[in-house]
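Structure, as structure tokens:
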Amino acid sequence: LLLGNLRVMYKSKRLKDPPSVAINNAKRLLGENKKDNAMNVLFDTISHRHRAQFDQTYETAMAMYIDVGVSILKSCKEGFLHYRSLVQQNHPQSLEKMVRHLVDAVIGVGKQEMCKFADSIDCEEQYESKALKYEWDSFQTVLMILRNNGKLNHVYKMVVNECILFCVSLRRSTEFKKLCDTIRRRFGYVINNQAPDYALKVNSAETLNSMFETRLNLLQCALSMSLHQESFKTIKDLQKNIIERSLEYKKNVDPMLYARFYEKLSMVFWSCNRFLLHAYAVFESYKKLKHCYGKISKKQSDARRQCQQRLHSKLQEALLAVLCVASATDQQDNNLMEDNNKDYTHSLYQLANDFFAIGRAQKMLPSKSGLLREVMREIESCENNNNNNNAATAAAAVATDRADGTAADNNNNNNIDTDVSGGGGDVFRHVRDLHRLVTVNK
């Protein structure tokens, strides 16, 4: 009896097959069409914790483990958890390689399955598809594996974008809401697990910009799917966890991301008939875009010209947005600022200060007339700058033309260029006429 017990103990504690032997055994089992057994053999060697050190054979075994799992639509989650503990600290590049291998494999399976539903994307069969469910579950596995890995945050963001594409292409609103919840929960998890060396440093400018961009992509998807409640949740998450945190720790966030944020915010306010807040959001997007323009080098003439055209278009949009606000809104501001107003969950005053008074010492009082004055001052400032620039350009051209003796021809060319580019002093002429017409008939 004692000898039998010793044999059992020896068998339970003996070393399992090394990866090279496990790979050969798995190939033999695959030749016999025993894929489940092959996957178990590979899992045993990946999960064994008493190896001396990591080598290339582990990566080969993991790649085979993934291929077998995808071929039979069996989850690779347990194997990935063990492989992560093996390589996360010292070999993150191997973890990235295996994650990309899994993502590429399941996307291929998903594309083959989606071809069956090309003509009827809303059919019930696509919701019952095991292949599509496997693809989605694999994405969630990867998001869980990489949720607190600073070195592979770019891979995490890539997988989030694949999840968004999955939800949009298949119109999966339920899965999209779960994805948004996963992203929000991740922030809290990362905050509470900052001790490991490989952890995502949530207070760094790079991390905040990455999280900002990810949430903007979620917001764009929510708007395209008309999920307005989810859009507002994402906006509040952005404001509380990213924007306020960047101001608290004095981290620089890309102003172009801010411009995109306020552009999407304007769409949300328009969808819920908050026209005054919509106008504020459009004008705020213009101001952030103007900040980006100031950072473009003068040597990048094409980029500056394109950005300037966007600025003019955005400023015109801001004026039109203000003029779309009904005049009665100014008289109703006091009622809308009450927290218990039956028509709105949030008061106008509260929302305006949440999104447009960030970093200000004093609270703001939203007003159509006040915003209109700001927009018109900005238009006049832009007109003055354009006139000054055109005068300086014309003076330099005349001096050059006199020296060359070709003033007449080049003056005609300059006039044509100015008319085509729209950069002259009349760039806001139609907007001024519209403003004057509305003011006269008010």
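In the stretch 257-304, which residues are in a helix (DSSP H, G or I), open to solvent by less than 60 Å² (accessible area, probe 1.4 Å), over 15 Å from GLN220 (Cα atoms) and without any contact (Cβ under 8 Å) to a residue 60 or more places away in the chain?
Residues satisfying the conditions are HIS278, VAL282, SER285, LYS288, LEU289, CYS292, TYR293, ALA303, ARG304.
Residues that are modelled with pLDDT of 60 or more: find the helices (runs of 4 or more DSSP H) completely inside the stretch 321-405 holding 1 or more of those.
Passing ranges, in order: 348-356, 368-404.
Taking the criterion of being in contact (Cβ under 8 Å) with a residue 60 or more places away in the chain, on the phi < 0 side of the Ramachandran plot, part of a helix (DSSP H, G or I) and hydroxyl-bearing (Ser, Thr, Tyr), would at least one residue in the stretch 219-239 satisfy it?
No: the stretch 219-239 contains no residue that is in contact (Cβ under 8 Å) with a residue 60 or more places away in the chain, on the phi < 0 side of the Ramachandran plot, part of a helix (DSSP H, G or I) and hydroxyl-bearing (Ser, Thr, Tyr).
Any residue that is modelled with pLDDT of 90 or more, touching a Leu at 6+ places or on another chain (Cβ under 6 Å) and part of a helix (DSSP H, G or I) - is there at least one of those in the stretch 40-57?
Among the residues of the stretch 40-57, not one is modelled with pLDDT of 90 or more, touching a Leu at 6+ places or on another chain (Cβ under 6 Å) and part of a helix (DSSP H, G or I), which makes the answer no.
Pairs, please: C-beta under 6 Å, at least 6 apart or cross-chain, first residue farther than 20 Å from ARG186 by Cβ and in the stretch 241-254, second open to solvent by 70 Å² or more (accessible area, probe 1.4 Å)?
LEU247/GLY359
The values are calculated or read from the model by the stated rules, or taken from the named source; none is laboratory data. This is a predicted model, so every value here is computed, not measured. Backbone-built Cβ (ideal geometry, glycine too); neighbour counts: all protein chains shown. For accessibility, only protein heavy atoms count, side chains too; no ligands or nucleic acids. Shrake-Rupley method; radii C 1.70, N 1.55, O 1.52, S 1.80 Å.
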